[in-house]
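**Q** Got a structure for you, written out below as structure tokens; questions coming shortly.
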Amino acid sequence: MTVSVMWFRADLRLADQGALRSAIESGPDGVVPLFVLDDHFDPSNMPVRSAYLARLLADFDERIGGLHVVRGRPEVEVPRVVEQASASSVHVTGGHTPYAMRRDRRVADALGDVPLVDADSSYAVAPGTVRKGDGTSYKVFTPFFRSWQAQGSHPPVTAVRSHAVPWLRSGRSAALPEVTETDVDLPPAGEQAARAHWRRWLDDHVDDYDGERDRPDLDSTSRMSVHLKWGTIHPRTLLADLAERSSAGARAYERQLAFREFYADVLHEWPHSAFGYYNRDYERMQYDEPAGDFEAWKEGRTGFPFIDAGMRQMLAQGWMHNRVRMAVASFLVKDLHLEWTHGARWFRERLVDADLANNQHGWQWVAGCGTDAAPYFRVFNPVGQGKRFDPDGAYIRRWVPELRGVEGRGVHEPWTLEEPPADYPPPLVDHAQERLEALRRHDALGG
DNA sequence: AGTCGTTTGGA
DNA sequence: CCAAACGAC
């Protein structure tokens, strides 16, 4: 009997998209599903994501009847499980961050003659494979998008759900993390939840996506980011469903999926951009040190209702509408003059969908130092964004209880009210002034 | 995936 | 007088 180990990387890219098929094609009679909780895994650094991961692992464990979870270093634990199971191959599936790639190489070295097969990526097109005619990678989204579309991707795999190859049940794993209570209103975890949610959104909302996606008050985005991040659904599944639709909304959604693929490709090509400036000119800019204003931003007490609503939505749900992410990021970088890395770290702590490539490059786009970034002089107006994308203020009233009693559009500028709510803070900064300060600091860079 | 001050053209 | 369009940052 030949056995293969199916090693899920940091997330649970599931078998229906090719990983298990790839294992089947290599001919094993059984598959050991393995998840390694890395020694470096520290729940205090990612409280929201670790709470979600525990739910996800529990769901997976229940569904396949025994996920093998071990704690330790992958280069030690993967070979150990291979030896215990007398496996002849390891199929790895999941995210393509530079860190995952480096870790794979260490594991491959430790495995010796047992092949480590990169069974599937968590992207429609694997990072590092969309290339210009001269073989170099793209730095601008639009040409990447065209090339990515032209390249296409194979259809999603659906038939392997029939369990042509049995999972080798290992019994309940002692290392399975405990599912603990959390104050965060987390979305349901698991593949079935992901598929059900997608189906519903596709039927009811995708055709309106183009017109409504920027409106946090309507809450009409797909909220699929969490499922894509954790791999409980594959983008190829989404693309196949979208291809059957002719609406502008379906096309706009494909474009958003392509942004995710673009940033994964960028990170793959420039690993340093995960935690440093993609455009290193911006390292020299003058920044302030995080202080009380940073704490106010984190807690949603800046006195700018649209900004505070977003930050509080993130604390409550581990999720924030993308339009608001851009506005709060701009506020941190250009009104508070803090480095984007501080904000990106807070997002990674509090967002359940925090994905390294999307998060870091989304921030760098706003900060003007990323690939195909917004020019630095594009400064979001924290009030104007609210008026434009939350016209009636419903989003603000939902997330900022102090302002719930304020009727009309005055809710965007409570300091102009005759009687501003006493328990809501005054604006932390003068936006017009700080905007000019940001432009001044940028000018000081020269060139 | 922006904002702001200015200009322009129609009422 | 005001909105839409425009160009600069």
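Bear in mind these aren't lab numbers, they're just calculated from the coordinates by the rules spelled out. Since we're looking at a predicted model, the values are computed, not measured. Positions of Cβ are generated from backbone atoms using ideal geometry, with glycine treated the same way; all protein chains shown enter the neighbour counts.
**Q** Please name whichever of A:VAL379, A:VAL140, A:HIS337 sits farthest to the positive end of the charge dipole of chain A, dipole taken about the Cα centre and charges placed at Cβ: Lys and Arg +1, Asp and Glu -1.
**A** A:VAL140
**Q** Something else: What is segment A:280-443's relative contact order, in percent, from Cα pairs under 8 angstrom and six or more apart in sequence?
**A** Result for segment A:280-443 is 27 percent.
**Q** Mind checking which lysines have their Cα closer than 30 Å to the Cα of A:LYS334? Skip sequence neighbours fewer than 8 apart in that chain.
**A** Excluding near neighbours in sequence, the set is A:LYS139, A:LYS229, A:LYS298, A:LYS387.
**Q** I've got another one for you. Taking every eigenvalue of the Cα gyration tensor of segment A:3-122, multiplying by 5 and rooting it, what semi-axes result, largest first, whole Å?
**A** 21, 17, 14
**Q** Also: Can you give the extra length, in nm with one decimal, that the chain gains between A:ARG200 and A:LYS139 once fully stretched, where that is 0.36 nm per residue apart less the Cα-Cα distance?
**A** 18.5 nm
**Q** Which one of A:GLY95, A:PHE262, A:VAL125 is farthest out on the positive end of the charge dipole of chain A, using unit charges on Cβ (Lys, Arg +1; Asp, Glu -1) and the Cα centre as origin?
**A** So the residue furthest toward the plus end is A:VAL125.
**Q** Quickly work out the A:SER147-to-A:ASP109 label distance, labels modelled 7 Å from Cα along the C-beta direction, and quote it in nm with one decimal.
**A** Rounded to a tenth, the inter-label distance reads 3.1 nm.
**Q** Right, something else. Quick one: of the DSSP bridges fully inside chain A, what percent are antiparallel, nearest 5?
**A** Just about 0 percent of them are antiparallel.
**Q** Next up: Assigning unit charges at the beta carbon (Lys, Arg +1; Asp, Glu -1) and nothing else, what dipole magnitude in debye, to the nearest 20, does segment A:3-122 show about its Cα centre?
**A** About 280 debye.
**Q** In debye, nearest 20, what is the charge dipole magnitude of chain A about its Cα centre with +1 on Lys and Arg Cβ and -1 on Asp and Glu Cβ, if you could check?
**A** My answer is approximately 920 debye.
**Q** Beyond 40 Å, what share of the Cα-Cα pairs of chain A remains, rounded to the nearest whole percent?
**A** Counting pairs separated by more than 40 Å, the tail of P(r) holds 22 percent.
**Q** Through the Karplus equation 6.51 cos²θ - 1.76 cosθ + 1.60, θ set to phi - 60°, convert the phi angles of segment A:310-323 into ³J(HN,Hα) values in whole Hz; use x for Gly and Pro.
**A** x, 5, 6, 4, 5, 5, 7, 10, x, 8, 9, 4, 4, 4
**Q** Please check chain A for the longest run free of GluC sites (Glu not before Pro) that are loop-located per DSSP (anything but H, G, I, E, B) and have at most 15 other Cβ atoms within 10 Å.
**A** Value returned for the longest uninterrupted segment is A:1-177.
**Q** Report the extension gain between A:GLU299 and A:ARG71 in nm, rounded to one decimal, defined as 0.36 nm multiplied by the number of residues separating them, less their alpha carbon distance.
**A** Here the answer is 78.7 nm.
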